[in-house]
Amino acid sequence: MAIRITGGAIHDPANGTDGDVRDLCLDGGKVVAEVAPDARRIDARGMVVMPGGVDIHAHIAGPKVNLARRLSPEAREPQDRTEILRSGSAGLVPSTFTTGYRYSLLGYTTVVEAAAPPLAARHVLAELRDTPLIDKAFLILMGNNQVLFELIREGTGLRDAIAWWLEATGGYGVKLVNPGGVELWKQSNGRISSLDEHIAGFDVTPRQVIEAIGTAVHELGLPHPVHVHANNLGVPGNASTTLDTMRTLDGRQAHFAHLQFHAYGGKPDGLPRSRAPELIDHLKAHPELTADVGQVMFGPATTMTADAQISAVLRDLGADKWLNHDTEVETGCGIVPFTYKEKSYVHALQWGIGLELFLLGDPWQVMLSTDHPNGGSFLSYPKLIRLLMDRAFREDQLERANQKAIRRTMLLDALDREYSLNEIAILTRAAPARRLGLVDKGHLGVGADADVTIYHDRPDREEMFATPRYVIKAGELVVEDGELRTTPDGTLLSAAAAFDADVTSTLEPLFGDRYTVRFANYPVRDPALREPARVVQA
Ligand SMILES: [Zn+2]
């Protein structure tokens, strides 16, 4: 259906448009230059028009998400069936259908599941296929895979193996979670003191894993660079590990996930402090690096991660219930329900560090995330946007938080920045789309996907971003006045790079030695799971 959106203020920073009032035409699922006079008209006078939101880092599908749903049945809220909606559950970890509904109601049209064990690709794909309305991609975990350790030690076949793994799973990119560290933790039950510790039995170090995989992804030219959850998450003093990891990847493209959780000074046995300014300085000197923040929001959260080590730490802080799980020879997994309290020194510091990263950073480089649901639900994005746009609101919230922690950040000094609408459009759309290599997303130029969100221009930015007036997905009007009108499937986004098919003769015996799954049964071939997909070629 052709649509002409008339009279809205267009915020399309990727094309240098900052609130210009003009019409926007959509046809055939794309932004077009002109439509026929009988096209449907949407009157957007007095409204703000942006590309659909793009979430570069969230956890929405696969075994850990499903286990978290089962772990906290009391945290579920009912999503009732209607004429067009399926029943399900909302709350911190929504069910599949509800995840699609709620993202869409917020004006988001593309979401990346940031940590999928490749061994569980079938499960991840099945859940993503069941998640309507949004386009979706998933990153496969490669930082603690024993077969890859063997290839890294031998210095051969890694690039081909990574490309094979993407082809075998339908994944979009490569994720490192505590690279080498989960395996080391299984061996030694503690934090790592340096990236140069030897992983027993494999004769490789975390630094070699980071360097080898980062280089291979860079050389393959995948649309999204290596996506790094650095070692020592949550540990006081871990900013040194983060900077060391950044330097190890020097000169190569890389994205650092939830940087807030990796920005701490202090001693491992003491209270943390902020080293956010140093990390921002490093990013500014290294345009090849980007990050998302992983903002903590006060209130309930669910920590879920492939970093089984940090889950064990959270468990020991007094969790009512927890789950820790080993994914064969590939990765780990831990889940702990958690509440961030504004009067807690540590939680207020985490909250403050997240805001420092946003307020000191360049929105093209430092993107919005809560690491949903680790720092809080994606449903808190409108409140987070208000914290960035509305200084008076931020100061009010600052006063409620633990003052000892807030005084140890820069927030009380000169950080009076207020984000503009265009800057919000950058860190929630243009920058993540560009970083994901999704050339048709995150902007409104001719040829872009017709994913568009239209907001009332309300002074209360939280209310504004929580209740878009219209959401258009692939040219179809899906949300009107806070209600879903239709629930089309989104598209699976996969990435592919050419590889030497002979790599299977290297991998098959290594699989035979280690996996419980036969090599021939590992790749996902089921067309119902794999198709349709939009495959982005390296
Ligand atoms: Zn995450």
Revision key, fill the gap. Those strands (runs of 3 or more DSSP E) completely within the stretch 54-161 that have 2 or more residues that are modelled with pLDDT of 95 or more, under 27 Å from residue 226 (Cα atoms) and among the hydroxyl-bearing types (Ser, Thr, Tyr) are 108-116
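Each row is one residue, and each column tells you yes or no for (1) assigned to a loop (DSSP other than H, G, I, E, B); (2) within 30 Å of residue 272 (Cβ to Cβ); (3) not acidic (Asp, Glu).
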| site | (1), (2), (3) |
| --- | --- |
| 175 | no, yes, yes |
| 185 | no, yes, yes |
| 193 | yes, yes, yes |
| 201 | yes, no, yes |
| 207 | no, yes, yes |
| 216 | no, no, yes |
| 233 | yes, yes, yes |
Check your understanding: Taking the condition surrounded by fewer than 19 Cβ atoms within 10 Å (Cβ to Cβ), touching a Ser or Thr at 6+ places or on another chain (Cβ under 9 Å) and under 23 Å from residue 444 (Cβ atoms), does residue 80 pass?
Key -> no
Revision key, fill the gap. For the stretch 166-191, pairs from a residue that is within 15 Å of residue 229 (Cβ to Cβ) to a residue that is hydroxyl-bearing (Ser, Thr, Tyr) and part of a loop (DSSP other than H, G, I, E, B), with Cβ under 7 Å and 6 or more apart or across chains, are 180/205
Check your understanding: For the stretch 467-491, how many residues are of a type in the set (Ser, Thr, Tyr) and more than 15 Å from residue 82 (Cβ to Cβ)?
Key -> 3
Revision key, fill the gap. Among (1) closer than 20 Å to residue 441 by Cα; (2) over 24 Å from the mean Cα position of the chain (by Cα), residue 494 falls short only on (2)
Check your understanding: Identify, please: which residue in the stretch 189-238 is more than 16 Å from the ligand (Cβ to nearest atom) and polar (S, T, N, Q) and is, among those, surrounded by the most Cβ atoms within 10 Å (Cβ to Cβ)?
Key -> 208
Review point. Does the stretch 24-39 contain any residue that is surrounded by fewer than 23 Cβ atoms within 10 Å (Cβ to Cβ), closer than 28 Å to residue 463 by Cβ and without any contact (Cβ under 8 Å) to a residue 40 or more places away in the chain?
Key: no
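Let's see how each residue does on (1) within 29 Å of residue 217 (Cα to Cα); (2) touching a helix residue (DSSP H, G or I) at 6+ places or on another chain (Cβ under 6 Å):
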| position | (1), (2) |
| --- | --- |
| 355 | no, no |
| 368 | yes, yes |
| 383 | no, yes |
| 388 | no, yes |
| 406 | no, yes |
| 417 | no, yes |
| 436 | yes, no |
| 442 | yes, yes |
| 457 | no, no |
Check your understanding: Among all residue pairs at least 6 apart or on different chains, which show Cβ distances below 7 Å where the first residue, located in the stretch 358-380, is farther than 18 Å from residue 114 by Cβ and more than 16 Å from the ligand (Cβ to nearest atom) and the second is at pLDDT below 95 and outside any strand (DSSP E or B)?
Key -> 359/415
Exercise for review: Could you tell me which of the residues 170, 181, 190, 234 is modelled with pLDDT under 95 and at positive phi?
Suggested key: 234
Review point. So residue 482 clears everything in (1) modelled with pLDDT under 95; (2) under 29 Å from residue 96 (Cβ atoms); (3) surrounded by 22 or more Cβ atoms within 10 Å (Cβ to Cβ) except one condition, right? Which one?
Key: (3)
Review point. Residue 135: within 16 Å of the ligand (Cβ to nearest atom) and closer than 17 Å to residue 433 by Cβ, yes or no?
Key: no
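For (1) touching a residue at least 12 places away in the same chain (Cβ under 8 Å); (2) among the acidic types (Asp, Glu); (3) within 16 Å of the ligand (Cβ to nearest atom); (4) buried (at least 23 other Cβ atoms within 10 Å of the Cβ), each residue gets a yes or a no:
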position: 102; (1), (2), (3), (4): yes, no, no, no
position: 113; (1), (2), (3), (4): yes, yes, yes, yes
position: 139; (1), (2), (3), (4): yes, no, yes, yes
position: 142; (1), (2), (3), (4): yes, no, yes, yes
position: 154; (1), (2), (3), (4): no, yes, no, no
position: 164; (1), (2), (3), (4): yes, no, no, no
Check your understanding: Pairs under 6 Å by beta carbon, first residue over 21 Å from residue 48 (Cα atoms) in the stretch 429-447, partner assigned to a loop (DSSP other than H, G, I, E, B) and not hydrophobic (A, V, I, L, M, F, W, C), six or more apart or different chains?
Key -> 436/224; 437/223; 437/224
Study note, to complete from the structure: Selection from the stretch 492-519 of residues surrounded by fewer than 17 Cβ atoms within 10 Å (Cβ to Cβ) and part of a loop (DSSP other than H, G, I, E, B) yields 498, 500, 501, 502, 516, 517, 518
Point to revise | Count of residues meeting criterion [in a loop (DSSP other than H, G, I, E, B) and either within 16 Å of the ligand (Cβ to nearest atom) or among the charged types (D, E, K, R) (or both)] in the stretch 265-312 | key: 11
Check your understanding: Out of curiosity, is residue 129 surrounded by fewer than 19 Cβ atoms within 10 Å (Cβ to Cβ), under 25 Å from residue 525 (Cβ atoms) and more than 16 Å from the ligand (Cβ to nearest atom)?
Key -> yes
**Study point:** Residues satisfying the stated conditions in the stretch 313-326, i.e. outside any helix (DSSP H, G or I) and in contact with a strand residue (DSSP E or B) (Cβ under 9 Å, 6 or more places away or on another chain)
**Key:** 317, 319, 320, 321, 322, 323, 324, 325, 326
Check your understanding: Somewhere in the stretch 296-307, is a residue charged (D, E, K, R) and modelled with pLDDT of 95 or more?
Key -> no
Revision key, fill the gap. Those residues of the stretch 313-331 which are surrounded by fewer than 24 Cβ atoms within 10 Å (Cβ to Cβ), within 16 Å of the ligand (Cβ to nearest atom) and among the polar types (S, T, N, Q) amount to 327
Study note, to complete from the structure: A careful count of residues in the stretch 226-252 that are under 20 Å from residue 159 (Cα atoms) and without any contact (Cβ under 8 Å) to a residue 40 or more places away in the chain gives 3
Review point. Looking at the stretch 129-148, which of its residues are touching a Leu at 6+ places or on another chain (Cβ under 6 Å), hydrophobic (A, V, I, L, M, F, W, C) and closer than 24 Å to residue 488 by Cβ?
Key: 137
Review point. Does residue 260 qualify as being away from the ligand (no atom under 16 Å from the Cβ), modelled with pLDDT of 95 or more and under 19 Å from the mean Cα position of the chain (by Cα)?
Key: no
Check your understanding: Here are some conditions: (1) within 16 Å of the ligand (Cβ to nearest atom); (2) over 20 Å from the mean Cα position of the chain (by Cα); (3) among the acidic types (Asp, Glu). Residue 395 meets all but one. Which one does it not meet?
Key -> (1)
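The values are calculated or read from the model by the stated rules, or taken from the named source; none is laboratory data. From a predicted model like this one, the values you see are computed outputs, not experimental measurements. Here the Cβ is made from the backbone with ideal geometry for all residues, glycine too, and neighbour counts use every protein chain on show.
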